[in-house]
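Below is one structure, written out as structure tokens; comments come after it.
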Amino acid sequence: MIVAATSTKALWYLTRGSGIVSLVLLTASVVLGVSTAARWASAKWPRFITEGLHKNISLLSIVFLAVHIATAVLDGYVHIRWIDAVVPFTSTYRPFWLGLGALAFDMLLAVIVTSLLRVRIGHRIWRAVHWLAYGCWPIAVLHGLGAGSDNGQQWMLFIDLAAVAVVATAVFARFVVPATTHRTNTPLVGGRA
Ligand code: HEM
């Protein structure tokens, strides 16, 4: 009895921890994606580093999301089915907030699968699907805010605010500040302007 209660609690902590790590990784991935698209680079930080980090952090976020979802389903304290993780708004437990999580997960899967198949599907389709990332991230933030048990905590508020601040800054710098100020299409070192 005690063992079952302890393992359920462990799963619950894992759900929360992996959810937070997933959100942080997703945030980093969005910022790195924006940086790649905007071609921000310098001599000390060439673009291939940003691109490599963007790809690997995105893949890592899927690993943590798998843990997040598996522990949420396996923790029998509340009834969440596997299908609730992929079909939005079907869960009997917090249908709206979990539905947002499922929606964000589906969008992320679409973005990652099309990225892995980029050469086969072509640049236009890949790019069209990749725009989903801009929708996926805020939906994931809302899901965390609505479903999470740690929202009353100051440190969680700090994580959420920091995530919103960095993404907002990156998006603002890319789309609002004139692109010419940032673009470095030519190499900075040894290159001609
Ligand atoms: C991109 C997808 C997702 C991200 C980034 C994400 C992230 C998060 C975050 C940050 C929290 C708050 C954790 C806390 O307050 O400690 C959370 C809570 C939660 N998520 Fe997700 N999530 C995602 C998808 C899903 C999916 C598909 C499910 C479906 C099973 C799910 C189930 C849960 C549950 C049950 C909680 C509440 C845990 C608690 O009791 O505190 N999440 N998620």
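Dipole orientation for the chain: of the candidates PHE172, VAL141, LEU25, PHE172 has the Cα lying most toward the positive pole (charges on Cβ; Lys, Arg +1; Asp, Glu -1).
FRET efficiency for ILE83 and ALA110, Cβ-Cβ distance as r, R0 = 22 Å, nearest 0.05? Calculated value: 0.80. Stretching the chain fully between ILE125 and ALA70 yields a gain of 16.7 nm (0.36 nm per residue, less the alpha carbon separation). Using C-alpha pairs under 8 Å with a sequence gap of at least 6, the mean separation divided by the residue count of segment 2-181 gives a relative contact order of 24 percent. Over all orientations, the chain has a Cα convex hull whose mean projected area works out to 13.2 square nanometres. Taken about its Cα centre, segment 2-181 carries a charge dipole of roughly 640 debye when the Cβ of each Lys and Arg holds +1 and the Cβ of each Asp and Glu holds -1.
None of the figures in this text is laboratory data; all of them are computed from the coordinates on show. Small disclaimer: the values here were computed from a predicted structure and weren't measured. All Cβ positions, even for glycine, are placed from backbone atoms using ideal geometry, and neighbour counts span all protein chains on display.
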